[in-house]
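Reviewing the structure listed below.
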Amino acid sequence: MATAVQENPLTKGLERLPVHPTTLVIFGATGDLAHRKLLPALYNLAHEGALPERFNLIGFSRSEHEHEDYKAMARESIERFSRRSPKPEVLDALLEHVKYIPGNFDDAAGYEQLSKQIEAFDEQAGVTFNRVFYLSTAPEFFPVIVQALGEHKLNRHKDAEVRVVIEKPFGTDLESARELNRIVLRSFREQQVFRIDHYLGKETVQNMMAFRFANAMFEPVWNRNYIDHVQITAAEDIGIGTRAGYYDHAGALRDLVQNHILQLLTLLCMEPPVSFTADEVRDEKVKVLHAIQPPRAEDVAEIAVRGQYTSGVVGGEQVRGYLEEDGVPADSRTETYVALRLKVSNWRWAGVPIYLRTGKCLARKVTEIAVTLKPVPHLAFQQEGSVGVQPNQLVLTVQPNEGVSLSLGAKIPGATMRIRPVNMEFQYGTSFMSESPEAYERLILDAMRGEATLFTRNDEVDALWSIIDPILKGWASQDGGPLPQYEAGSQGPEEADRLVEGGAHWRAL
Amino acid sequence: MSEDHTSANGDHTSANHWSAQDTTPGAIEAALRELIRQRHAENDSFAPARVLNLVVVVDREWRGEVENRLDQVGRYHPSRTIVCAVDPGRTTLDAWATMTADVEPRPGELAVCRERVEIDVGPQHLAHLDTIVDPLVVTDLATLLWAPHGHAEAVDSLVRLAQIMLLDSVDEPEIADALARVAELAEKAYVVDLAWLRSTPWRERVAATFDPEPWRAELARISGVTARHHPDSGAAGLLFFGWLAARLGWQPSALVASGGGMHGKARGRRQEVALKLEPDPQQMVRGLAGVSIDTASGMSIALDRAPGGLRATRRARDGSESTWTLLGASRGEGGILGEGVRQALLRDPTYRPALDAARAMVA
């Protein structure tokens, strides 16, 4: 596509920048993600006037439906799952440009029909629409679809941008991720590929960059000289629900650590990028991942602990253990909890242990990063009769109460110098009026605009899996006995305590 | 939950509400602190929002109408709203304070609260209204001032407290006076103009229309712009013209009145641009009803209000036409006011140049 002749002077000062007319194709258009997230996100973009000035949607899926049936399904999904009540006139206008194509993902006829429909939209409008293909299918179809798009010449257009959005999981281990990358990059250039980790679309996660790089006070202490250790926690208080089929194959390490938690780690540890362009940011994130030494097989037991929840009480409710969940094999060795100790071997972070943990059916739902600073080197006064001086701790909470908390030592009122920790708290919810958009709204719009900062680059995927893959292999080679267990509603397996070095402890959930 | 208390001096306080007659700013400020303390004691998951102070000066008899508008701003509530209702003949201050949260906090989560203070003031208070309001604004937060019923004396008094002025340039019957007053206030504070915000979707859509490469080249060839508007919203049309003029480097000259509207010319970089303002008696809501833009090469684009958004009609050089709907929900006047509150925290670098260009058209 040719570049623009000149800058558009009318865009200055506008919050919503123009997006080129776009036809969005959702593969897996009848699936859960499409119904719960993608279609409502599209409606909310339409409601706010943020969609491209001309926009078409094509649903592509295996089930047989007529266009009108699909529109009715889409309407129902939007009415049920949209974060705001849809306005009928906007919803009607959005659905006017929706088509549905039934077809198997390896069926040439479906792609021919798709190609015709895309061109028909172009011809009707007298405009060449950009094309965005959104792969919202089961992961085994990702290679099938991208290959088919290439074979049917849907991967390039001389007058339009063509982009492909690929949902997670991107591979199930290092080799499968590399193979998928090879297949994708045979049909698409890297600049056309948008690998989604919806966590990066959350305002709270993006705020981490604002927090670190818009505040000078943290930079001087943000290094090995002042930081003792870091704990990143993504705890859930619910079980696997109806996701046994997926979860028992994935496990906690693949489900959350390989993507979300390591993304948080990169944002915490990355150097300030020169600019916030996609590649500048992603270059810095990849450097962090490369600085994490993947564990050797013999070290896995030292740096990783896994576990499975047993029955227990969560929030006053009795819950079943993992092995009693519907659809879970009685001898499953899938981990529902994982804790890791990693080290980032560079000048800033060398020697600072970074602890990660995630799990299902834990005591509380919380996602946070806790940075514990080193203790003061000398204390000039006695601490008798007080809790004492504790190291400062900076906690960035991603959910549910997004905010920042800094613990400080303060004098307890009285005649003697007794100290106890107090918290200085800042809650984002009290300082912004606006309701955060859903992550998918931001990400779909970014993909249509070609803005890739919040998407995962191929070398980033490779680096993520390079850390996780040895752990998977290490576990696979271990004895087939039962995994460490933890009671539902607890803090996790006791075995995780041994990961934490130097007298530190896991933060209470 | 509301727990009532009556203090020795007759002040009536509760976990949510407080009121007093013949009171003082100091007592009101103390009551606000007490409300927060009580709320927090009741449930420490309540947290006061700390985003923005909004100070509103209204005629007392129209206070209800303004409060209704404030209730409709949706999610863009200021964190502390101070409504000063001017009551002719009043010599003392009566005040009410409330602290409300839209939701009860769920376990482990916060419920953000906002505060509202209403004060009945008399005309003699207006010249020094700042001394009443100053103790009540949250220090270090941005303060937005809105006086929808005029009260210039109060505005002049309060402007030192306010970093941002909220106004609606279509409120004044005379367009030239309206724009001159806005320009005067813009020298003292950052101005958020609701008339400008109503035109945001129009400006976004015109920018988007001319964004594709073939159309971007047409920006230099624009030969005529027509803005259709609510009969009382001529200022909105002029600001739209001003925006185009400022962004595209046109030199506008004064428009002349004709047939209820106005027309005139601006000197573009390549050719003259004919400008036409047309009141639309069918338009029921304030703001623009439609815009049409023609280019010297024979292309044109028209945008008009339609169900579900704006209806776009584009004519190409060969005379072929296409129409489609630009999707977007109407925000309504409540939504516009909410957007005004939100915009108080942002800065739009294009408004002031548009205002200056618009003033040149009514010079």
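Search the stretch B:141-177 for residues being buried (at least 23 other Cβ atoms within 10 Å of the Cβ) and farther than 16 Å from B:V56 by Cβ, and hand back the single one that is nearest to the chain's Cα centre (by Cα).
Going through the qualifying residues, I end up with B:S169.
When you look at B:D130, is it without any contact (Cβ under 8 Å) to a residue 60 or more places away in the chain, in contact with a helix residue (DSSP H, G or I) (Cβ under 7 Å, 6 or more places away or on another chain) and under 13 Å from B:V57 (Cα atoms), yes or no?
yes
Restricting attention to the stretch B:309-319, report how many residues are facing another protein chain (nearest Cβ under 8 Å) and of a type in the set (S, T, N, Q). Write out each step before concluding.
Taking the stretch B:309-319 as the starting set, the residues that turn out to be facing another protein chain (nearest Cβ under 8 Å) are B:309, B:312, B:316.
Checking the rest, the ones that are also of a type in the set (S, T, N, Q) come to none.
So the answer is 0.
For the subset of the stretch B:247-261 comprising residues that are small (G, A, S) and part of a loop (DSSP other than H, G, I, E, B), which member is nearest to B:G309 (Cα to Cα)? Break it down into steps so the answer makes sense when it comes.
Taking the stretch B:247-261 as the starting set, the residues that turn out to be small (G, A, S) are B:249, B:253-254, B:257-261.
Pick out the ones that are also part of a loop (DSSP other than H, G, I, E, B) and you get B:249, B:253-254, B:259-260.
Values: B:G249: 29, B:S253: 32, B:A254: 32, B:G259: 29, B:G260: 27 Å.
Here the answer is B:G260.
Restricted to the stretch A:62-85, and to residues that are in contact with a helix residue (DSSP H, G or I) (Cβ under 8 Å, 6 or more places away or on another chain) and within 24 Å of A:F129 (Cβ to Cβ), which residue is surrounded by the most Cβ atoms within 10 Å (Cβ to Cβ)?
A:A74
Hey, does the stretch B:243-266 have a residue that's in contact with a Phe, Trp or Tyr (Cβ under 7 Å, 6 or more places away or on another chain) and of a type in the set (D, E, K, R)?
Within the stretch B:243-266, none of the residues are in contact with a Phe, Trp or Tyr (Cβ under 7 Å, 6 or more places away or on another chain) and of a type in the set (D, E, K, R).
Identify, please: which residue in the stretch A:52-88 is part of a loop (DSSP other than H, G, I, E, B) and in contact (Cβ under 8 Å) with a residue 60 or more places away in the chain and is, among those, farthest from A:E119 (Cα to Cα)?
Among residues in the stretch A:52-88 that are part of a loop (DSSP other than H, G, I, E, B) and in contact (Cβ under 8 Å) with a residue 60 or more places away in the chain, the one farthest from A:E119 (Cα to Cα) is A:R83.
Identify all residues within the stretch B:1-39 that are at pLDDT 85 or above, surrounded by 12 or more Cβ atoms within 10 Å (Cβ to Cβ), farther than 15 Å from B:T100 by Cβ and not hydrophobic (A, V, I, L, M, F, W, C); write none if there are none.
Within the stretch B:1-39, B:Q21, B:T23, B:T24, B:P25, B:E29, B:E34 meet the criteria.
Scan the stretch B:125-136 residue by residue and report those that are surrounded by fewer than 20 Cβ atoms within 10 Å (Cβ to Cβ) and under 24 Å from B:L345 (Cβ atoms).
Those that are surrounded by fewer than 20 Cβ atoms within 10 Å (Cβ to Cβ) and under 24 Å from B:L345 (Cβ atoms): B:D130, B:D134, B:P135.
What tally of residues in the stretch A:15-37 results from selecting those that are over 24 Å from A:T128 (Cβ atoms) and either part of a loop (DSSP other than H, G, I, E, B) or in contact (Cβ under 8 Å) with a residue 40 or more places away in the chain (or both)?
Residues flagged as over 24 Å from A:T128 (Cβ atoms) and either part of a loop (DSSP other than H, G, I, E, B) or in contact (Cβ under 8 Å) with a residue 40 or more places away in the chain (or both) within the stretch A:15-37 amount to 9.
All but one of (1) at pLDDT below 80; (2) at positive phi; (3) among the acidic types (D, E) hold for B:D44; state the number of the condition that does not hold.
(2)
In the stretch A:279-298, which residues are modelled with pLDDT of 90 or more and either assigned to a helix (DSSP H, G or I) or aromatic (F, W, Y) (or both)?
Listed by number, the residues that qualify are A:D279, A:E280, A:V281, A:R282, A:D283, A:E284, A:K285, A:V286, A:K287, A:V288, A:L289, A:H290.
Return the only residue of A:E151, A:E140, A:E175, A:E167 being in contact with a helix residue (DSSP H, G or I) (Cβ under 9 Å, 6 or more places away or on another chain), away from every other protein chain (no Cβ under 14 Å), surrounded by fewer than 19 Cβ atoms within 10 Å (Cβ to Cβ) and under 30 Å from A:I261 (Cα atoms). If you could, list the steps in order and put the result at the bottom.
Values: A:E151 fails: under 30 Å from A:I261 (Cα atoms); A:E140 fails: in contact with a helix residue (DSSP H, G or I) (Cβ under 9 Å, 6 or more places away or on another chain); A:E167 fails: surrounded by fewer than 19 Cβ atoms within 10 Å (Cβ to Cβ).
Being in contact with a helix residue (DSSP H, G or I) (Cβ under 9 Å, 6 or more places away or on another chain), away from every other protein chain (no Cβ under 14 Å), surrounded by fewer than 19 Cβ atoms within 10 Å (Cβ to Cβ) and under 30 Å from A:I261 (Cα atoms) holds for just one of A:E151, A:E140, A:E175, A:E167, which is A:E175.
Do we find a residue being within 11 Å of another protein chain (Cβ to nearest Cβ), under 22 Å from A:D92 (Cβ atoms) and in contact with an Asp or Glu (Cβ under 7 Å, 6 or more places away or on another chain) anywhere in the stretch B:279-301?
No, the stretch B:279-301 has no match at all.
What is the number of the single condition among (1) more than 30 Å from B:A207 (Cβ to Cβ); (2) assigned to a helix (DSSP H, G or I) that A:D106 does not meet?
So the condition that A:D106 fails would be (2).
Condition test on B:R63, is it under 20 Å from the mean Cα position of the chain (by Cα), crowded, with 17+ Cβ neighbours inside 10 Å, in a helix (DSSP H, G or I) and not small (G, A, S)? Even if it seems obvious, please write down each step before you answer.
Working: under 20 Å from the mean Cα position of the chain (by Cα): yes; crowded, with 17+ Cβ neighbours inside 10 Å: yes; in a helix (DSSP H, G or I): yes; not small (G, A, S): yes.
Taking the combined requirement at face value, the residue satisfies it.
Hey, can you tell me all the residues within the stretch B:262-295 that are in contact with a Pro (Cβ under 9 Å, 6 or more places away or on another chain), buried (at least 18 other Cβ atoms within 10 Å of the Cβ) and in a loop (DSSP other than H, G, I, E, B)?
Once the filter is applied, which keeps residues that are in contact with a Pro (Cβ under 9 Å, 6 or more places away or on another chain), buried (at least 18 other Cβ atoms within 10 Å of the Cβ) and in a loop (DSSP other than H, G, I, E, B), the stretch B:262-295 yields B:D280, B:Q283.
Scan A:S85, A:S77 and give me the residue that is on the phi < 0 side of the Ramachandran plot, among the polar types (S, T, N, Q) and more than 14 Å from chain B (Cβ to nearest Cβ).
A:S77
Being among the charged types (D, E, K, R) and within 18 Å of B:W243 (Cβ to Cβ) is the filter; apply it to the stretch B:320-360 and report the residue that is farthest from the other protein chains (Cβ to nearest Cβ).
Result: B:R359.
I'd like the residue in the stretch A:10-53 that is over 21 Å from A:G450 (Cβ atoms) and facing chain B (nearest Cβ under 8 Å) and, out of all such residues, is farthest from the chain's Cα centre (by Cα).
Per the criteria, the residue is A:G13.
Looking at this structure, is B:V103 exposed (fewer than 14 other Cβ atoms within 10 Å of the Cβ) and either farther than 30 Å from A:V398 by Cβ or within 14 Å of chain A (Cβ to nearest Cβ) (or both)?
Values: exposed (fewer than 14 other Cβ atoms within 10 Å of the Cβ): yes; either farther than 30 Å from A:V398 by Cβ or within 14 Å of chain A (Cβ to nearest Cβ) (or both): yes.
Judged against the criteria, B:V103 is a match.
Are there any pairs, at least 6 apart or on different chains, whose C-beta atoms fall under 6 Å, with the first in the stretch B:210-236 and more than 9 Å from chain A (Cβ to nearest Cβ) and the second among the acidic types (D, E), and if so, which?
B:S223/B:D294; B:G224/B:D294; B:R228/B:E278; B:R228/B:D280
Out of curiosity, is B:A306 within 30 Å of B:P173 (Cβ to Cβ), in contact with a strand residue (DSSP E or B) (Cβ under 7 Å, 6 or more places away or on another chain), within 14 Å of chain A (Cβ to nearest Cβ) and without any contact (Cβ under 8 Å) to a residue 40 or more places away in the chain? It would help to see each step written out before you state the result.
Values: within 30 Å of B:P173 (Cβ to Cβ): yes; in contact with a strand residue (DSSP E or B) (Cβ under 7 Å, 6 or more places away or on another chain): yes; within 14 Å of chain A (Cβ to nearest Cβ): yes; without any contact (Cβ under 8 Å) to a residue 40 or more places away in the chain: yes.
Here the answer is yes, as B:A306 does meet what is asked.
Would the stretch A:477-492 turn up any residue that is touching a Gly at 6+ places or on another chain (Cβ under 9 Å) and part of a helix (DSSP H, G or I)?
no
The values are calculated or read from the model by the stated rules, or taken from the named source; none is laboratory data. Since the model is a prediction, treat every value here as computed from it, not as a measurement. Every residue, glycine as well, gets a Cβ built from its backbone with ideal geometry; the counts of neighbours run over all protein chains shown.
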